[in-house]
Each structure stands twice: as structure tokens, then as C-alpha cells.
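Encoded as C-alpha cells, the structure appears first; notes follow it.
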Amino acid sequence: MPRGQFPDWLRKRLQIQIHMEKYKVTFYPDNKTVEVEKGKTILSAAISTGVYINSSCGGDGVCGRCKVILRSGQVISQPAGRITLEERKRGVYLACLATIHSDLEVEVPAESRIDLEKLSPQDLDLRLKGIYSDSEDVESAVSVLGEEIFVHSPLATKLYLELPLPDLEDKISDLERLYRQIRRIQDIPIMQTGLANIRRLGELFRSADWKITVTLGKRNGTTEIVLVEPGDTSHKNFGLCFDIGTTTIAGQLVDLNSKRVLGTKATYNKQASFGSDIITRIIYAQEQDGLEKLHHAVIDGMNQMIQELIQEHKIDLNDVNCILCAGNTTMVHLLLRVEPTYIRRAPYVPTANFVPTIRAAEAGIKINPRGLLSCVPGVSSYVGGDVSAGVLSCGLSDLEDLGILIDIGTNGEIVLGNRDFLISASASAGPAFEGSGVSCGMRASRGAIQRLKITPGDFKVSYNTIGETKPLGICGCGYIDIIAQMLRVGLLDKNGKINLIKHPRIRDSADGREFIVAFKNECAISADIVISEDDIENIKRSKAAIYSAASSLVKHMNLDFAEIKKIFIAGGFGSYLDIDNAINIGLLPDLERSRFIFVGNSSLAGARQILLSYEAMKKADEIARKITYFELSVEPGYMDEYIAALFFPHTDLNRFPSIKI
Amino acid sequence: MAVELMLEKWPGKVGELTLGATEQEGGSRSGVIKLGGQTTLPFLFPEGKIPYKPRLAFEIWDIAPLDWPQDLSQVYAHVFADPYLWAEKCVREYKAEILCIKLQGAHPDFGNKTPEQEAELIRGLLKRVDLPLVILGCGDRDKDNLVLPACSEAAKGERCLVGSAAQDNYKTLTAAVLADGHNIIAESPIDINIAKQLNILISDSGLPLERIVINPTIGALGYGLEYAYSIMERARLSALSGDKMVALPFICLVGQEAWRAKEARVGSQETSIIWEALTATALIQAGADLLVMRHPQAVEKVSNYIDNLWG
């Protein structure tokens, strides 16, 4: 019998025994009851029931914000300086330090509850109106390379261990015993453990009968023992990856053991109420409480999305151990509540491009309080980790031939290169392709018109919505189709103005002339879905910014689009993109259609790869160091390129030889 | 040793445009004037064909121009009240070849004349003088969209040059000009791309390219002349390189810009005249085909300059 291992029959019996050692914990005033294993903390029990207790320090017993009152039952708690003698007499404990040793009745006082819960449902409704919209299910991001390329080694791993009992022969300490057992399974030379965990070990090992699950986190080159739990929870190990965009936040819940994506959601970034572009937000951050508000706007959105994801998939928040974020540099600063001011001041230096792995709780993200948060490394102030993640997921940095990644977002990011070099540029494209700033725009979610055809002559419209439901609005790829079709059938001039044609679908409104895409009787909303001349102007500016950034970058490298063999198109504007139509409106260069690869939200796909593999993280790190940045704003030819691109498809028609409009 | 000139051979050619229609062509002008047709840069005769000289047009108004400086207005003060007399003065005294009538009086802030009144004026003018006519609107977009079609109709068949069409307002004027057989001025704000875009839009609406003249928008000497110069030069180089969409003649509103210059308003009379003349000659070097001017002495100087270079 190998040391420390039991025969199966005994193990099963012992597990049954462990399962039997469960206690009921009831929280008041919520009156919620949960059954948990002996030895868990009150905080962890609270998280399992969905009772939200403050925990700024992530369960280290330092901040003293998780005070609860024990009404009945037995707990074992380490002493904490945060509790006064008077409080101790009243039965106040820190939820993160008190472990459960009998059925309990616990009262959670109002001051220990997290802020979001303090809002009344009415307040919440109000906050969630308009841009404060609920998150919606969206298509999962595809990964071009497939998930198999990187070795499976997620940011947080769980190991179930049955530690050999100490005796007079084998009397190394509890912590060393833990290390020794871990090293029998994995070759991890350097390990760290926080004091808070060490304090728990002695009691926890013995009450759990030496059967524990340890969560190991990859933290800045070393491996940390993030969490030690009683019993076997190793089959429940979940993580989240996020793409934090200026306009849209997309998140995904991943089973870290099976690598399976359980759910994908997207929501508008609530920061939009403080300005639609990053510069306005950076300026806003300097106002009183500005940084705080921006920070909360983003974490509120993320926390809410996490809540929805774990509830829908019936997952205990305690089992969500890590989160990986890709975002542009400003978004990452705001997520971490780091002053973004210097990003917009010459010489445009961010506070950090390579952010160390921290506790998610430090950033205000509610997962397991000891869970980790990591950000994909960025390149510069205006090319962030979302780009590194995108490059990683489409494999641009390994190509032999030239490739280009075009990310169609509010900040349109372009990366040109191959395995020898990578150069990036960023264009302020605006949020139109993400469905913001256009009259009937919406995210690429259920009910969005995403494909459309107009028949010439009678202008009959046939369309297709995501989820095949009645239409609610138009998403980015829907707009691309509509404009391309309107140009084709002669409804639009090349400047984007609607021709004066007498037709029931064409009418004049306050926003200029508009074309009715869907009449209200066929819609899920009580109004016609239209595209106005202002909308077209917005889309035209967005597409011009992206095309001209790409062409300026290509020109800067003394290259020609024709030399580029692979064009990766990224962006969360739809689950499909009609390449022909995108070329017809001049968003993409006119090249052989077979060279285009639509990769969807490549940033989210890259973030997921990094979440699942430490090797991918190292690769992203390497990519971020390799990418150079080309500043378009000081490039004299860029403005000229931009104005030339403000036309359908382009002022220089020779660049679009295959288009006959 | 003889110096051998390096000659450039351009593949492109500037479009040729005809201004005015004679009786045989259904109009009533005594002759026609042609613009454009170059296959090389200005005055580089050994390199290519330059079939027509740059032309000068006299600018007249339908109302008395109150803001013209003294040095300028004293020349025309006695005919300000009567556009017909003003036109005849230019023809008789200064041997004008082309007249440019600016319908400033239609502007809501400067008289607010009706489309009918302006159409009547054009009809009368065509009877009193037999030169090719350039008709300029007042600059108020909505009003011009009413006045210019009326004037276009009044001058039907005379092959006038009517303007200006802009990127966000070209459809009405293009339709009128197309119907009545005129040429159009396509105005862009010192931007080669917008100039080209507007030409594409107008030709997409059915008006052939050889009936479009580019107004690139200019600045006077000391007031951004070099910006206009470089835009015109770039456009002409593209044209000669084969880009048909910018291969069109230029019209430059020289008088309007030069007489806004501080030097022209407060300087000596000689300075003012030279200011207008120098602005014009510089633009001719950039490729201007038709220059709308104000002071007869400036016109005379520029005219001599052209003749001297034409050799």
C-alpha cells in the first residue's frame, strides 16, 4: 500500500464519514440555510448560500469587515484583534476566521453586507435601465487554434489529498507534510502559503481527518496555496475569463478541470454613463470620486454577470477560484482602481502593463475570497492586454506568412506581423459596431438582426435574427449588411445619404432621412426598426477609422495589403460576418475572400486559453513584449487616409477593384 | 554641351469643358470658352499639350456689395444699383470674356430676393450681354436649393457654370444642371479626398465628369494660399497620373478671398491690386483654369502675365 493512500473500500467509507460530518448553518435575517462540511468557515458557508458578506482582505482576518453574530452553535476561531472584548461577549466573530463545528445560527448585521445588496430592488432596476442593462447570453468565443495547443495548467488547480497521518516516525510539520504530498503529484519546487492559511492548517487537517482539497494558484512565477478545504472538492473547480471592452464586457464561466465553457454572457460596460470613449473616462477619473465610480461601474457589471452565471449553472461561488481579465490598458487600470491619468498625458505612459496576479477580492470581484485575479499583459497605453490575448488566440505570432489581426471594437486595434515581428496601431472607431450610438443598435444577442438582404427595385427586406426571434434591434454585422445592401440596390449614395425615392420604407425624421428595416408589426418592440442617415454616418466614421488605421500601418511597414496572407477579423459584433459586405462598405481591404478568418471575440478566447494554461500566459507575456506600437495620431498621412476612407467603399476606387456598385 | 531636358510623360489628361452655347448649339452666346484639356503641368509646353489659356471672369453682384473696400468699390460704385450696367461696364471697358454673377441678394440676411426675382435677373442678363456666364448662389444652403434651380431653368441651354454643389448638398443642383444643360461647380473645403468624393457623387447622379469644375476653396496670399496650392497641385498630379475622378478644371474665387485680406483692405490701392493679382498668378501656377476676379487692374496684370508666359 503506497504511503498515505488507502484501499478503495476504506476510502469510500471514510468519504461517507466525511459526508456525514455536515452541519446546517442558518443565516439571519435572510433565513437561509445551507449544509456545509465541518471545518469550513462561516464566510464560505455564507458565500454558498448567496448571503454576501464584506471581505475586503479576502479572508485573511485583517480587515474586520465580515463580523457576524453567533446566535447558537459551536465554532472554533482564531483570535482577531478586530473584535473588542465587548463584541466577543455578544458573540461577534469574524466570518472568515470562524470554522464550523456544529449546526449554527448566524446573524449578519447590516454593516457587514456588501454594497450591492443595500440597494433596494427599485434602485437596482433604475441602475439597470438603459445601458445598465442585464447581461445577455452571447455566442461563445471561438479559438482559431483549438484549445489543445497549450498544456492544460489552469490559473487555479485543485488537488484532493489524503495526507498520511503523522506518527513518531514521520513527524514533519503540517505545512511540510502538505508540500510533500503536493510534490508527490506535481513537480512544484517553489511554493508559498499565506499566514492566514498556515494558521488554519493544524485545526483543519485534524477535523477533516487529513482529507483535504488544496487549491494551488499560479502567482507570478511561484505557486501559492490559495485555499485549503476539508474533504474532496477537487471536481468542483471553476474559473472565469473576461474581455473588458470600452463598450462591452463579455464573460465566460469555465470548468477548469474539463476545460468546458459553461456559459458566455455580455453586458454593456456601465462606465459608458461617464463617457463613451476612454479619454472622457480618464478625465472623469480625475473628478472627485470619479475613479471610484468608474471602478465600481466595471466591477458591478462583472459581479452581476458572475452571479448570473453561477446561479444558472448551479455552482457554488466558493468553487470559483480564479478570474482572468483581458482589457485595454485603461479598462485594466479602472478595474484595479489604479489612477489612469498618465495614459493620456504625453509621453503616454501607463502605470502598469504587466499586472501581477492579485486576489480577486482586492479588486472587489466577488468569487472565492481567496481566489486569484490575473490580467493579460498589455503593450502600451493604447494597446492593451485584449490585443495580446487576441494575437495569442489567432496564432498571429506563430505565422510564417504575413498576417493581420483587425479587432473591430470601440478602440479598433490592428496588429500586423508574423513570427518575426509584430506591430500594432489603435484607432478610435467609436462604439457603433457594438450597437451603441446608433438609433436601433444593440449587442449581438438574441433578437438582433444580423443578416439582411434587400431586393432591388421593390426594396423588399428579408432578415435573420440571432436566435430566430422577432427583431429587437440591429447588431454590428447587421449594420454592415444593411449598408452594403442599400448601396447595392441604389438606396444610398457613396457618401452614405439616402436617395430620395418614394417608398413606404423611406421617410424623413428629425435625425435626417431614414430607412425602415422592420415595421413595428413584425418587431418585438413597439416601434419600427430603422437606420437613419446619422446612423450611417456613425458607421461610416467607424469603418473609415479602422480601414485607414490598417492601411496606414501596412503603408508604414512598406507593405501592401496584397502581401498579407491571413486576415483575422475579431470583434463581438456578431456571430457571423459577411466578408463580401464588409468589403463592399470599405471596412476591410478587397482581397481574396479565402484569406479572411472571422475569429469573433478573440480577446475572450485568448483570455480563456490563458486561464486554462500557464504556458499560454507565458506566451502572452512574450507577445506583449514583442509588439511594437505605431502612434497614428502623429502620423501625418493618417488624417488623409481617414478622409479618403470616409466614403463607400473608398475615395480611391482602385483599391476595391472587385466592387461594382 | 547642350542641356537635355528631362521630360515627363503623363498618362492622364484633364477633362475638357465648354462654357457657353452659341445659337447653333441652342444658346445665345457670341462664342464659347473651353477649359482644361492639359496633359501636363502649367506652362510646361515641351512636356505635353496645354490647349487653352487660364481664363479670367469678372465678378458682379445682384445687390450693392456694402463690404467691398473703398479701393475696389469706387471702380463700380456708379453701377452697383444696376447689375445690367455693371455687366456692360465689364464687357465694354474691361473687355471681359466671362461674367460671374453672384446672387448675394437672395441670402436671407441680404435682401432675401425670391427665386423668381433672381431667375428674372438671369434672363435679363443673358439678353444684355452675350458672354458665357458663371452663376454663384448666395451660400445659404436651403435658399440656394430654391434659387439656383430657378436660375438654371431661366438660363436653359446657355451652358452656364452654376455653383456651388457641396458634399452634403449636391443632389438638387445636380438634377437642375443636368436637366438644363449647364456645368456644375463642385466645392470642397481644401481637401483632395472630399473634392474627389464629390465628383464621384455628382457623376453617380448622372452628370458627366466633363461638366464638372472643381472649386478647391482657396485662401489669399498670406491667408493659406499655400494650403490651396498644395491641394491643387496634388489633385493635378493625380489627374495627370490617371485618376479621372479629379481630372477636372479648377475654378478659383480669387477676388472674394484677396479682398478679404487685411493688406488689401487697408493698404494702398496699389498693394490691394497686387494682392489680388499675386494670389491669382500663384494659383495659375498650381493649375487654376478659371479665376473669378474683381479689380480691373488686377485682371489686366494677370492677363498680361498669362500672355507673357504663353509666349
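The values are calculated or read from the model by the stated rules, or taken from the named source; none is laboratory data. Please read these numbers as outputs of a predicted model, since none were measured by experiment. Reconstructed Cβ throughout: ideal geometry from the backbone, glycine too, with neighbour counts over all protein chains shown.
The table for this structure:
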| read-out | value |
| --- | --- |
| One residue from B:Leu207, B:Leu133 being touching an Asp or Glu at 6+ places or on another chain (Cβ under 7 Å) and either buried (at least 21 other Cβ atoms within 10 Å of the Cβ) or within 13 Å of another protein chain (Cβ to nearest Cβ) (or both) | B:Leu133 |
| First in the range A:568-581 and modelled with pLDDT of 90 or more, second anywhere and among the basic types (Lys, Arg), Cβ under 6 Å, 6 or more apart | A:Ile579/A:Arg593 |
| Extreme residue, nearest to the chain's Cα centre (by Cα), among residues of the range B:248-268 that are closer than 22 Å to B:Gln38 by Cα and not in a loop (DSSP other than H, G, I, E, B) | B:Ile251 |
| Unmet requirement for A:Lys265, which otherwise passes all of (1) farther than 30 Å from A:Ser426 by Cα; (2) among the basic types (Lys, Arg); (3) outside any loop (DSSP other than H, G, I, E, B) | (1) |
| Contacts under 6 angstrom Cβ, first residue in the range A:650-661 being within 9 Å of another protein chain (Cβ to nearest Cβ) and under 11 Å from A:Ile583 (Cβ atoms), partner in a helix (DSSP H, G or I) and not aromatic (Phe, Trp, Tyr), 6 or more apart | none |
| Condition met for B:Arg260 (surrounded by fewer than 17 Cβ atoms within 10 Å (Cβ to Cβ), under 23 Å from B:Ala87 (Cα atoms) and not small (Gly, Ala, Ser)) | yes |
| So A:Phe561, is it closer than 25 Å to A:Ala250 by Cβ and in contact (Cβ under 8 Å) with a residue 12 or more places away in the chain | no |
| Residue list for the range B:159-170, restricted to those being away from chain A (no Cβ under 11 Å) and not aliphatic (A, V, I, L, M) | B:Arg159, B:Cys160, B:Gly163, B:Ser164 |
| Of the criteria (1) hydroxyl-bearing (Ser, Thr, Tyr); (2) touching a helix residue (DSSP H, G or I) at 6+ places or on another chain (Cβ under 9 Å); (3) at pLDDT 90 or above, which one A:Ser462 fails | (2) |
| The range A:389-443: number of residues that are among the charged types (D, E, K, R) and either at pLDDT below 90 or not in a loop (DSSP other than H, G, I, E, B) (or both) | 5 |
| Breaking point among (1) in the same structural domain as A:Asn321 (by TED's automatic domain parsing); (2) more than 15 Å from the chain's Cα centre (by Cα); (3) of a type in the set (A, V, I, L, M), for A:Leu216 | (1) |
| Tabulated pairs, the range A:264-293, first of a type in the set (Val, Ile, Thr), second part of a helix (DSSP H, G or I) and surrounded by fewer than 16 Cβ atoms within 10 Å (Cβ to Cβ), C-beta under 7 angstrom, 6+ apart or interchain | A:Ile282/A:Thr341 |
| Exclusive hit being more than 12 Å from chain A (Cβ to nearest Cβ) and out of contact with any strand residue (DSSP E or B) (no Cβ under 7 Å at 6 or more places or on another chain), set B:Leu173, B:Leu253, B:Leu237 | B:Leu237 |
| Condition met for A:Ile610 (of a type in the set (Val, Ile, Thr), buried (at least 23 other Cβ atoms within 10 Å of the Cβ) and under 27 Å from the mean Cα position of the chain (by Cα)) | yes |
| Residue within the range A:279-294 that is buried (at least 21 other Cβ atoms within 10 Å of the Cβ), among the β-branched types (Val, Ile, Thr), in contact with a Pro (Cβ under 8 Å, 6 or more places away or on another chain) and not assigned by TED's automatic domain parsing to the domain that holds A:Ile198 present | yes |
| Positions within the range A:632-649 being away from chain B (no Cβ under 13 Å) and without any contact (Cβ under 8 Å) to a residue 60 or more places away in the chain, in sequence order | A:Ser633, A:Val634 |
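A quick yes/no check of all residues on (1) in a loop (DSSP other than H, G, I, E, B); (2) touching a residue at least 24 places away in the same chain (Cβ under 8 Å); (3) touching a strand residue (DSSP E or B) at 6+ places or on another chain (Cβ under 7 Å); (4) surrounded by fewer than 24 Cβ atoms within 10 Å (Cβ to Cβ):
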| position | (1), (2), (3), (4) |
| --- | --- |
| A:Thr330 | no, yes, no, no |
| A:Arg345 | yes, no, no, yes |
| A:Thr351 | yes, no, no, yes |
| A:Pro356 | yes, yes, no, yes |
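Results for (1) of a type in the set (Asp, Glu); (2) part of a loop (DSSP other than H, G, I, E, B), shown as yes or no for each residue.
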residue	(1), (2)
B:Ser203	no, no
B:Glu210	yes, no
B:Ala220	no, yes
B:Ser238	no, no
B:Glu270	yes, no
